Amino acid sequence: MKIVFMGTPQFAVPCLRMLVEEGFEVAAVVTQPDRPQGRKKVLTPSPVKAAALELGLPVLQPERMRRPEAVAELAAYEPELIVTAAYGQILPKAVLDLPARGCVNVHGSLLPKYRGGAPIQRSIIDGEKVTGITLMYMAEGIDTGDMIAKIEVPIEDDDTSGTMFEKLSLAGRDLLKEWMPRLVKGPVAAEKQDDSLAIYAPNLSRDDEKIDWNAGSREIYNRIRGLVPYSGGFTLWNGETFKVWQAANPDDQALSGSILVEEGSGEAETVPGTVLSAGPKGIEVKTGDGSLLLLQVQPAGKKAMSAGDFARGGLMKSGTVLE
């Protein structure tokens with residue numbers, strides 16, 4: 001039977017490779033158009049396109065999947081099953097209706113929690129301890145389709161979006177592999193989602209990347225690791241962007257050396273965002289309920305560096321306020 005695979009980032013590549021390795025007939029691969037990347041804006045193919053070309057598969061890259069010509073191009077391959085994983089576009093009904101055995105999606109959360117384009121990042125930012133993969137039939141809404149199967153994956157305290165993308169991509173591959181023999185035979189039983197339990201995870205914006213020092217240390221720590229390794233969190237120093245790529249776990253006192261600010265102490269009267277110390281261990285910043293030790297930072301116009309190395313330059317002193 002003919003399968004069309006749709007995906008874009010590295011997250012989707014293990015699923016595509018598994019389909020080929022297991023002998024399923026992948027008639028075509030649909031992915032996003034090549035995009036400029038890096039400071040030199042070099043036109044770069046998506047990881048899925050690179051993998052598809054390596055595997056010798058035809059690649060389609062419609063700018064908008066909703067356009068009639070894009071639907072017609074896809075229909076020419078006569079797919080009997082469409083498998084998607086982080087494709088990045090909403091599929092129109094005309095596409096959903098094409099395959100006789102439906103459209104199946106590998107989604108990076110335990111639905112109905114975290115529907116949308118940034119489920120992995122937002123689960124970390126929200127401090128979740130577990131996430132997972134949901135294999136589901138696609139519907140016209142955003143991740144609203146019936147659920148076929150789930151697998152849970154713990155979120156460890158030192159996990160970032162980068163590490164969780166890798167873990168979940170492999171979990172998604174394994175779950176899809178388990179179910180493919182049944183999916184190719186025809187529609188399987190699936191469970192409807194409880195919409196009242198839905199949590200939405202829209203794509204991240206610039207506002208999501210801004211660190212609010214009035215928040216608690218754990219909340220800020222979760223936000224930073226939820227933004228790594230993509231954008232990183234940022235604050236303002238001398239009116240310029242000052243990125244934060246890593247902070248010490250505030251629960252690990254031996255590692256972080258962070259303080260719990262108590263009422264009546266000098267630090268308690270300090271404005272959140274104030275640098276309490278800057279030295280070889282890093283840069284300790286006052287938060288809404290204590291302090292957080294920054295371990296890796298990136299001043300505007302510079303490369304990322306250890307906060308200890310930056311502190312040795314003497315440019316950021318105690319009493320400096322980050323906004």
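The values are calculated or read from the model by the stated rules, or taken from the named source; none is laboratory data. The model shown is predicted, which means the values in this text are computed figures rather than measured ones. All Cβ positions, glycine included, derive from the backbone under ideal geometry; neighbour counts span all protein chains shown.
Rundown of residues vs (1) without any contact (Cβ under 8 Å) to a residue 12 or more places away in the chain; (2) among the charged types (D, E, K, R); (3) not assigned by TED's automatic domain parsing to the domain that holds Gln193, yes/no style:
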| site | (1), (2), (3) |
| --- | --- |
| Ala50 | yes, no, no |
| Pro58 | no, no, no |
| Pro62 | no, no, no |
| Arg66 | no, yes, no |
| Thr84 | no, no, no |
| Pro99 | no, no, no |
| Val106 | no, no, no |
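Within the group Lys177, Lys167, which residue is over 18 Å from the mean Cα position of the chain (by Cα), assigned to a helix (DSSP H, G or I) and either modelled with pLDDT of 95 or more or closer than 14 Å to Ala85 by Cα (or both)? On inspection, the qualifying residue turns out to be Lys177. Restricting to segment 265-323, and then to whatever is of a type in the set (A, V, I, L, M), surrounded by fewer than 13 Cβ atoms within 10 Å (Cβ to Cβ) and in a loop (DSSP other than H, G, I, E, B), can you tell me which residue is modelled with the lowest pLDDT? Across segment 265-323, the extreme among qualifying residues is Leu315. Has segment 175-190 got any residue that is closer than 30 Å to Lys286 by Cβ, touching a Gly at 6+ places or on another chain (Cβ under 7 Å) and surrounded by fewer than 16 Cβ atoms within 10 Å (Cβ to Cβ)? No; the residues of segment 175-190 include none that is closer than 30 Å to Lys286 by Cβ, touching a Gly at 6+ places or on another chain (Cβ under 7 Å) and surrounded by fewer than 16 Cβ atoms within 10 Å (Cβ to Cβ). Being touching a Pro at 6+ places or on another chain (Cβ under 6 Å) and either more than 20 Å from Val13 (Cα to Cα) or not polar (S, T, N, Q) (or both) is a description that does not apply to Pro119.
Per the conditions (1) loosely packed, with under 15 Cβ neighbours inside 10 Å; (2) at pLDDT 90 or above; (3) within 22 Å of Ala311 (Cα to Cα), the sole criterion not satisfied by Asp207 is (3). Here Val29, Val59, Val42, Val20 are screened, and the one residue that is over 20 Å from the mean Cα position of the chain (by Cα) and surrounded by 21 or more Cβ atoms within 10 Å (Cβ to Cβ) is Val29. The C-beta contact set for segment 192-210 (first residue without any contact (Cβ under 8 Å) to a residue 60 or more places away in the chain, second residue acidic (Asp, Glu), distance under 6 angstrom, 6+ apart or interchain) comprises Lys192/Asp146.
Scanning segment 123-139 for residues that are within 19 Å of Ala86 (Cα to Cα) and touching a Pro at 6+ places or on another chain (Cβ under 8 Å) gives Thr131, Tyr137. When we screen Ile133, Ile148 for residues that are at pLDDT 95 or above, of a type outside the set (Phe, Trp, Tyr), over 19 Å from Ala118 (Cα atoms) and buried (at least 16 other Cβ atoms within 10 Å of the Cβ), the only hit is Ile148.
Residue pairs whose Cβ atoms lie under 9 Å apart, separated by 6 or more positions or on different chains, with the first residue in segment 293-311 and closer than 8 Å to Val244 by Cα and assigned by TED's automatic domain parsing to the domain that holds Phe242 and the second at pLDDT 95 or above and part of a helix (DSSP H, G or I), are Leu294/Ile224. Residues of segment 6-29 that are touching a helix residue (DSSP H, G or I) at 6+ places or on another chain (Cβ under 8 Å) and either part of a loop (DSSP other than H, G, I, E, B) or over 24 Å from Ser161 (Cα atoms) (or both): Thr8, Pro9, Leu19, Glu22, Phe24, Val26, Ala28, Val29.
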